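Read through the structure below, which is laid out as structure tokens, and then see the notes.
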Amino acid sequence: MRRTAISAPLLAQALRGLAGRGDASAAHAVAAAAAPVCWGCQQAILHGEQRRGLSESAGPSSRQRRFGRSAGVGGVDLASSSGSGGSSSSTSSSITSSSASDTSSNRTSSGSRSSPCSSSSSSSSSSGFNGSGGLRSTGHPSSSGSSTSSSSSGCAAPWPGAARGLHTSPAPRRAGHAQSVLEEPPAAAAAAAAAAAAAARAAAAEAVDPFAIVAGEVQAVSERLRHSVVSNVPALKAAADYYFRPGVQGKRLRPTLLLLLAGALSGAPPGAEWAAPDLRPPHEPPAEPRRRAQRVAEIAETIHVASLLHDDVLDDAETRRGAPSLNAAAGNKLAILAGDFLLARASVTLASLRNHEVTDLMSRVLENLVAGEVLQMTAAGEQLESLDHYLHKTFCKTASLMANSARCVALIADAPPAAAGAAWEYGRHLGLAFQIVDDVLDITGSSSVLGKPALNDMKAGLATAPVLLAARAAPALLPLVRRKFKRDGDVAAAVALVAAGGGVEAARALAAEHAAAAAAQVELIVPSGAGAHARECGDALVAITRRVLTRSK
């Protein structure tokens with residue numbers, strides 16, 4: 001068991017050392033990695049109490065007027081909010097064209113952030129947290145990428161401020177100048193334009209099958225994955241290949257969204273040659289941009305499967321994807337070693353890209369996976385009933401991989417800073433929405449449909465979003481949460497209380513907010529004047545945000 005918690009962080013450290021070798025700027029990043037600024041984790045908890053307290057009467061910002069906001073597209077306010085951080089009991093509100101809730105960011109035009117997941121925090125003057133565990137607005141990362149260090153790292157998400165280059169405050173107006181209709185359109189006209197754009201985007205997304213667009217390339221990545229898992233030890237190869245076999249290889253969501261992102265950024269449709277498997281050795285560097293994007297998709301899926309192998313051991317799971325789990329079939333030791341082997345294979349492929357920033361980002365994913373698991377295992381006291389803590393842990397365990405790998409694809413495509421930042425935000429919000437829906441299905445789904453045991457979270461002592469949100473209306477849940485549902489009848493009682501407290505509906509609404517925030521980022525990802533293929537891939541990225549909400553397993 002201890003191997004799972006140690007090998008990945010050491011591997012991440014080694015990768016950082018490789019990234020910094022012979023490069024002064026990368027060496028500086030390596031030195032800073034001892035106390036990384038976990039900006040992503042701060043963003044991941046924005047959906048606590050503070051997001052409920054923003055004033056609905058606040059007028060649209062210049063950024064809102066530029067990109068529009070509506071329920072159809074899921075637009076969100078990227079500008080600083082003037083609302084207070086007060087909480088609200090409403091848990092089922094959704095993003096509409098008149099809402100001022102900011103689910104994408106909560107920041108001002110300047111300032112710095114400190115890591116919310118460090119074991120010892122920075123001073124209160126620079127921390128992004130208030131005394132009650134909520135998040136206060138402490139400013140947007142500066143364009144120079146400077147940050148406030150914490151003394152040790154936990155869930156080490158990257159700080160995308162320097163590369164994203166987004167300005168979230170409207171430009172100051174000179175005194176005495178009258179408002180220009182062209183410069184500042186009326187709110188009603190902006191809302192109408194946003195609604196029209198939202199309707200067009202929604203209609204286009206409904207007509208798109210996102211998985212069909214890149215099905216050939218995803219199949220090529222899957223074939224390469226099976227060929228890359230090679231070993232002179234037959235038992236190890238069979239174990240590592242366990243979840244790459246046809247029939248149990250899963251939805252391949254991560255490769256799909258990453259290749260769609262590559263298409264949205266490149267513009268030109270890929271030729272038929274890119275659907276043929278690339279069977280070059282993992283260490284051989286690919287020169288072609290499309291093959292490099294496929295390598296990122298391969299790395300992300302390999303890390304994901306390795307995390308499943310380790311999770312099944314920690315959770316003592318007996319089934320996965322409708323089949324016996326590897327730990328149930330071959331034992332815990334072999335399952336752990338197979339996961340470690342896959343991480344090593346992913347590292348070799350990652351090194352072949354020879355991109356220091358990509359290496360750093362994917363190394364942080366490994367740190368985040370371990371940190372998220374430890375956060376979940378060691379939660380106690382108020383953390384057990386905290387939605388902020390849940391979202392923090394969920395970012396580390398699920399959303400970090402999507403966010404960082406999406407940013408890597410943008411970097412490989414030489415995308416503008418704004419598009420790279422939007423890709424990261426897209427992956428973060430989509431990952432949070434995905435996991436929240438997964439936690440809903442754990443309560444509402446059946447084992448036969450899910451391919452894994454239902455009610456597994458509560459049986460493992462975990463309170464997820466439906467439980468935590470229901471507890472606001474049904475406080476009788478809190479004693480059960482604090483004792484981790486250990487008494488006889490606790491799980492059945494909790495299910496009834498979640499239903500009475502509207503927990504499933506509130507969790508679905510929260511997931512919808514994150515999915516809408518992800519969809520809103522597509523406007524920044526697809527280049528202006530993009531061709532038909534890029535627009536189709538952008539529509540497919542929006543369609544994925546909808547499918548995440550409606551999936552049944």
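The values are calculated or read from the model by the stated rules, or taken from the named source; none is laboratory data. Model, not experiment: these values are computed from the prediction. Cβ: placed from backbone, ideal geometry, glycine included. Neighbour counts: every protein chain shown. When the accessible area is computed, the model is the full protein with side chains, heavy atoms only, and any ligands, DNA or RNA have been set aside. Shrake-Rupley method; radii C 1.70, N 1.55, O 1.52, S 1.80 Å.
Structural remarks
- Checking region 263-275 against the condition returns no match, with no residue being more than 17 Å from residue 340 (Cβ to Cβ), part of a loop (DSSP other than H, G, I, E, B) and among the charged types (D, E, K, R).
- Considering (1) at positive phi; (2) outside any loop (DSSP other than H, G, I, E, B), the lone condition that residue 250 does not fulfil carries the number (2).
- Selection status of residue 388, at negative phi and more than 19 Å from the chain's Cα centre (by Cα): no
- Scanning region 309-322 for residues that are open to solvent by 20 Å² or more (accessible area, probe 1.4 Å) and touching a residue at least 40 places away in the same chain (Cβ under 8 Å) returns 311, 314, 315, 318, 319, 320, 321, 322.
- Of 335, 306, 328, all but one fail to be open to solvent by 20 Å² or more (accessible area, probe 1.4 Å), farther than 30 Å from residue 533 by Cβ and either part of a helix (DSSP H, G or I) or touching a residue at least 60 places away in the same chain (Cβ under 8 Å) (or both); the exception is 328.
- The helices (runs of 4 or more DSSP H) located wholly in region 444-516 include none with 3 or more residues which are open to solvent by less than 20 Å² (accessible area, probe 1.4 Å) and closer than 23 Å to residue 318 by Cβ.
- Every residue from region 526-542 that is assigned to a helix (DSSP H, G or I) and farther than 11 Å from residue 260 by Cα: 532
- Set 199, 203, 193: member being open to solvent by 50 Å² or more (accessible area, probe 1.4 Å), in a helix (DSSP H, G or I), in contact with a Pro (Cβ under 9 Å, 6 or more places away or on another chain) and at pLDDT below 75: 193
- For region 376-395, filtered to residues that are open to solvent by 40 Å² or more (accessible area, probe 1.4 Å), part of a helix (DSSP H, G or I) and closer than 19 Å to residue 314 by Cα, the residue that is modelled with the lowest pLDDT is 377.
- Subset of region 344-374 [assigned to a helix (DSSP H, G or I), open to solvent by 40 Å² or more (accessible area, probe 1.4 Å) and not β-branched (Val, Ile, Thr)]: 344, 345, 351, 356, 357
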